[in-house]
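The structure appears right after this line, and notes come after that.
The values are calculated or read from the model by the stated rules, or taken from the named source; none is laboratory data. Because the structure is predicted, anything quoted here is derived from the model rather than measured. So basically every Cβ, Gly included, is an ideal-geometry build from the backbone, and we count neighbours across all protein chains shown.
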Amino acid sequence: MNKKGFTLVELLATIVLLCLIILLATFTINKSVNDAKKRSHNSQVDTILSAAITYTNKEDVVTLTNIDGYQITLKELADKGYVDKDIKDPLNGKKFDMESSYVAITVETTAGSTTPDIKDYKYDGNYLFTLHAVYK
């Protein structure tokens, strides 16, 4: 008897192994893409908050009388050239509503107090800058 080919069991075992490798590769690639989107989102938020800090320092819009609860819209930052006029969130691909999205500035009153449970914030030593995003 001439045995030049593979048996059915050998072919099935090879197919199962290839499927497992593809499955693992897919999960790894998806995780890498999602992690990159999160890093990009965090970087973008940091840029927006840094722009708000720079804006408040250069434009002198924040005083001790109006600091608590002061808000800067993304449109205001874009009009002054601190951020782009068309910003998309990398996590969901949606554009920010520039007039409804804003950075809120509040005074951090207690030294050493814990930062509030907000995802997108930056503390510059004196003030807490918080991004409140609204999407179109």
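Points worth noting:
- Qualifying residues in the stretch 1-55 (those that are among the charged types (D, E, K, R) and free of Cβ contacts under 8 Å to residues at least 12 places away in the same chain) - the one farthest from THR106 (Cα to Cα): LYS3
- Condition check for ASP68: of a type in the set (Asp, Glu), surrounded by 10 or more Cβ atoms within 10 Å (Cβ to Cβ), out of contact with any helix residue (DSSP H, G or I) (no Cβ under 6 Å at 6 or more places or on another chain) and at pLDDT below 80: yes
- Filter result for LYS4 (modelled with pLDDT under 85, surrounded by fewer than 10 Cβ atoms within 10 Å (Cβ to Cβ) and out of contact with any Asp or Glu (no Cβ under 6 Å at 6 or more places or on another chain)): yes
- Index of the failed condition, VAL61 passing every other in (1) under 26 Å from the mean Cα position of the chain (by Cα); (2) on the phi < 0 side of the Ramachandran plot: (1)
- Figure legend. Inter-residue proximity from the stretch 92-104: first residues of a type in the set (Lys, Arg), second residues part of a loop (DSSP other than H, G, I, E, B) and loosely packed, with under 15 Cβ neighbours inside 10 Å, beta-carbon distance below 8 Å, spacing 6+ or different chains. Indicated pairs: LYS94/LYS136; LYS95/ASP86; LYS95/LYS136.
Here is a yes/no grid of residues against (1) at pLDDT below 95; (2) in a helix (DSSP H, G or I); (3) of a type outside the set (Lys, Arg):
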{"position": "VAL16", "(1), (2), (3)": "no, yes, yes"}
{"position": "CYS19", "(1), (2), (3)": "no, yes, yes"}
{"position": "ILE29", "(1), (2), (3)": "no, yes, yes"}
{"position": "ASN34", "(1), (2), (3)": "yes, yes, yes"}
{"position": "LYS37", "(1), (2), (3)": "yes, yes, no"}
{"position": "LEU49", "(1), (2), (3)": "yes, yes, yes"}
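- Any chance ASP84 is at pLDDT below 80, of a type outside the set (Ser, Thr, Tyr) and part of a loop (DSSP other than H, G, I, E, B): no
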